[in-house]
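First comes the structure, then the notes that go with it.
The values are calculated or read from the model by the stated rules, or taken from the named source; none is laboratory data. For clarity, every value in this text was computed on a predicted model and none was experimentally measured. Backbone-built Cβ (ideal geometry, glycine too); neighbour counts: all protein chains shown. For the accessible areas, the whole protein counts, side chains as well, though only heavy atoms, and no ligand, DNA or RNA atoms are used. Shrake-Rupley method; radii C 1.70, N 1.55, O 1.52, S 1.80 Å.
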Amino acid sequence: MSFDARLRIARLLLAVLLCIADSGVSLAYEVPLTLAALHEAFILGQRNDAATAAFLNPYVTQITENSREPHIAEIQILTPFAQVVDLSRRFTSGYSEEQATREYHERGDTVVVRIVLMLPAAYPKPDALQNDALAPAQQPAAPATALRPENFWQNFRFATKQHGKTISTRFIRNQPIHSTPTKDTPSVLDGATVWLEYDAKDAASEETVVEVTTPDSKTISATFDLKKLR
């Protein structure tokens, strides 16, 4: 069957699914994704508008902490459907539906947890500028958090649980977050993004808790109900 024929069938199935959605029936966490679901996810990501943002909003929990230590800023969970939406919205130019479909099949059905860790600000506060006029002996010591190695995230512990049981992590990776350099200030390490990958067959369509334990043994958690997500 040609790609055009498969695309026509996918669009027909999409129309049926939209009718089901309008009737109030929950579509929930889908594994594996059908051609219709892949098409829907790709189009939703390519829109990259308020509808896209509204769809992804339940997948993210913002963490508000007033801390002078490294802390958790955001926890996000991405189902296979949400991953296609997220990738499609990030590559709205030159990114095709065929590519999105191929990449989905290459990575398989996974559930991904994304955690953003932030460091305290490493640049002087406005009130600290007054210290420039002080003699060196009078100036306060530089904060210990001003410089940290890029592997600081390894001091955190991560766990994703269902019914109190920890799901086995298939893969973990990280990427440092650096500030944007300016004419007067160099780029500094602001934090890190950590991705935890799980096999979808190990993550049931039910309430899921992501726990992050900080270096000072404080546990922050975010709860996502996969029954209510795509």
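Return the residues of segment 54-83 that are within 13 Å of the chain's Cα centre (by Cα), part of a helix (DSSP H, G or I) and farther than 20 Å from Glu206 by Cβ; say none if nothing qualifies. Result: Leu56, Asn57.
Residue pairs whose Cβ atoms lie under 8 Å apart, separated by 6 or more positions or on different chains, with the first residue in segment 92-113 and over 23 Å from Val194 (Cβ atoms) and free of Cβ contacts under 8 Å to residues at least 60 places away in the same chain and the second open to solvent by 30 Å² or more (accessible area, probe 1.4 Å) and among the small types (Gly, Ala, Ser), do not occur. Pick from Gln99, Gln76, Gln62: which is modelled with pLDDT of 95 or more, open to solvent by less than 40 Å² (accessible area, probe 1.4 Å) and of a type in the set (S, T, N, Q)? Every option except Gln76 fails the conditions.
For the condition open to solvent by 60 Å² or more (accessible area, probe 1.4 Å), within 17 Å of Thr214 (Cβ to Cβ) and at pLDDT 95 or above, what is the one hit in Arg68, Arg148, Arg157?
Arg157
Please indicate, with yes or no, whether at least one residue in segment 163-172 is open to solvent by less than 70 Å² (accessible area, probe 1.4 Å), part of a strand (DSSP E or B) and either in contact with a strand residue (DSSP E or B) (Cβ under 6 Å, 6 or more places away or on another chain) or over 30 Å from His105 (Cβ atoms) (or both). So far as segment 163-172 goes, no, none of its residues is open to solvent by less than 70 Å² (accessible area, probe 1.4 Å), part of a strand (DSSP E or B) and either in contact with a strand residue (DSSP E or B) (Cβ under 6 Å, 6 or more places away or on another chain) or over 30 Å from His105 (Cβ atoms) (or both). Entry remark, segment 39-53: residues being of a type in the set (A, V, I, L, M) and either modelled with pLDDT under 95 or part of a loop (DSSP other than H, G, I, E, B) (or both) number 0 in total.
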